[in-house]
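Shown next, in structure tokens, is the structure this report addresses.
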Amino acid sequence: MKLEGKTVLITGGGQGIGQGIAYRLADQGANIVIDFVGNPQSANDTVAQIEKRGRKALAVEADISSVDQIHGMMKQAIDYCGAVDVLINNAGVEKHASIWEASEHDYDLVLNINLKGAYFASQAFVQHRMAVKKPGKIINVSSVHEDLPFPHFTSYCASKGGMKMMMRNLSIELAPYGITVNNIAPGAIETPINTALLNDPVKLKALLENIPLGRLGQVSDVAGVAAFLASSDADYITGATIVIDGGLTWNYSEQ
Ligand SMILES: NC(=O)c1ccc[n+]([C@@H]2O[C@H](COP(=O)([O-])OP(=O)(O)OC[C@H]3O[C@@H](n4cnc5c(N)ncnc54)[C@H](O)[C@@H]3O)[C@@H](O)[C@H]2O)c1
């Protein structure tokens, strides 16, 4: 098993993509710490499923937009598992708002969770890896919207575009310490973040017509790539974004 003996911390790991990654990495031998906000039942169920696989698992409640809570989360993970070898910055939210009516509250919410949260979780992880003088891996769950426009979701696109440059910058800054930094950029994946879309047959049909592979992505499509990036097979990859979108990003044609 490729992740035997490794501990992976996944922010927002109690549902959706983060939960799918947690299960896949546990299947590959990793101990898992998930962070969650506001849904202890789902976080506890996730822990139970990981323990069934014979791995150590811990759920830590931490709002990723709070730097204090991030450092508390990292400390609890290290105390419980002895170390954290891989950080997956997965927690994220989106808010629909045209710029002429967007609120400061929603802008701050999106940027503070998606970008500031990933930045300071990376800081806490890097401080730990430097203290133990060991290499490590940071994997950010970004989005195709680190590149692709998404009108009326400008704060989301700004957060994911910021995540792209944060990843590229940190990949250079942290290379001397053996810490790799990469992004996973999903397209449309069937998770709770897309509930409104999934319940709107007209929008869903239009989206599917834009996906060359003709289907939505599943959490397992993302989890496999996360497992690869977390393993030593990806030791020489840093500063990269791996797009998982069924061909959506480059599906432009002229008749
Ligand atoms: N589903 C998609 O189509 C899609 C596409 C591209 C990118 N993504 C990204 O994937 C990531 C996971 O999204 P998902 O699709 O699983 O949606 P989701 O809504 O199921 O999961 C989001 C997770 O983030 C957590 N979270 C939210 N606010 C938090 C906070 N303040 N502190 C800690 N955790 C918090 C939630 O509790 C949840 O576990 C997000 O970063 C999202 O932007 C999703």
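The values are calculated or read from the model by the stated rules, or taken from the named source; none is laboratory data. All figures in this text were calculated on a predicted structure; none of them were measured in a lab. Cβ: placed from backbone, ideal geometry, glycine included. Neighbour counts: every protein chain shown. These accessible areas exclude ligands, DNA and RNA; they are computed on the full protein's heavy atoms, side chains included. Shrake-Rupley method; radii C 1.70, N 1.55, O 1.52, S 1.80 Å.
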State all residues of region 100-115 that are over 21 Å from T11 (Cβ atoms) and open to solvent by 60 Å² or more (accessible area, probe 1.4 Å); if no residue qualifies, say none.
W100, E101, E104, H105
Find the residue count for region 1-24, including only residues that are under 15 Å from A59 (Cβ atoms), part of a helix (DSSP H, G or I) and away from the ligand (no atom under 12 Å from the Cβ).
1
What do you reckon, is I237 outside any helix (DSSP H, G or I) and buried (at least 18 other Cβ atoms within 10 Å of the Cβ)?
no
Within region 3-39, considering residues that are closer than 18 Å to D221 by Cα and of a type in the set (D, E, K, R), the one surrounded by the fewest Cβ atoms within 10 Å (Cβ to Cβ)
D27
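Residue by residue, here is whether (1) of a type outside the set (F, W, Y); (2) out of contact with any strand residue (DSSP E or B) (no Cβ under 7 Å at 6 or more places or on another chain); (3) at pLDDT 95 or above; (4) on the phi > 0 side of the Ramachandran plot holds:
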position: G18; (1), (2), (3), (4): yes, no, yes, no
position: I21; (1), (2), (3), (4): yes, no, yes, no
position: D27; (1), (2), (3), (4): yes, yes, yes, no
position: N31; (1), (2), (3), (4): yes, no, yes, no
position: F36; (1), (2), (3), (4): no, no, yes, no
position: N39; (1), (2), (3), (4): yes, yes, no, no
position: N44; (1), (2), (3), (4): yes, no, yes, no
position: A48; (1), (2), (3), (4): yes, yes, yes, no
position: R53; (1), (2), (3), (4): yes, yes, yes, no
Report those strands (runs of 3 or more DSSP E) wholly inside region 32-151 carrying at least 2 residues which are more than 12 Å from the ligand (Cβ to nearest atom), of a type outside the set (V, I, T) and out of contact with any Ser or Thr (no Cβ under 6 Å at 6 or more places or on another chain).
57-61
Does region 189-206 include one or more residues that are without any contact (Cβ under 8 Å) to a residue 60 or more places away in the chain, open to solvent by less than 80 Å² (accessible area, probe 1.4 Å) and under 25 Å from P135 (Cα atoms)?
no
Note on region 122-138: residues farther than 10 Å from V84 by Cβ and among the aliphatic types (A, V, I, L, M) are V126, M130, A131, I138
Kindly indicate whether V202 is in a helix (DSSP H, G or I), of a type in the set (V, I, T), more than 14 Å from the chain's Cα centre (by Cα) and modelled with pLDDT of 95 or more.
yes
Could you check E146 against (1) within 21 Å of I179 (Cα to Cα); (2) within 16 Å of the chain's Cα centre (by Cα) and say which number it fails?
(1)
So, in region 157-188, how many residues would count as being near the ligand (Cβ under 9 Å from one of its atoms), open to solvent by 20 Å² or more (accessible area, probe 1.4 Å) and farther than 21 Å from G20 by Cβ?
0
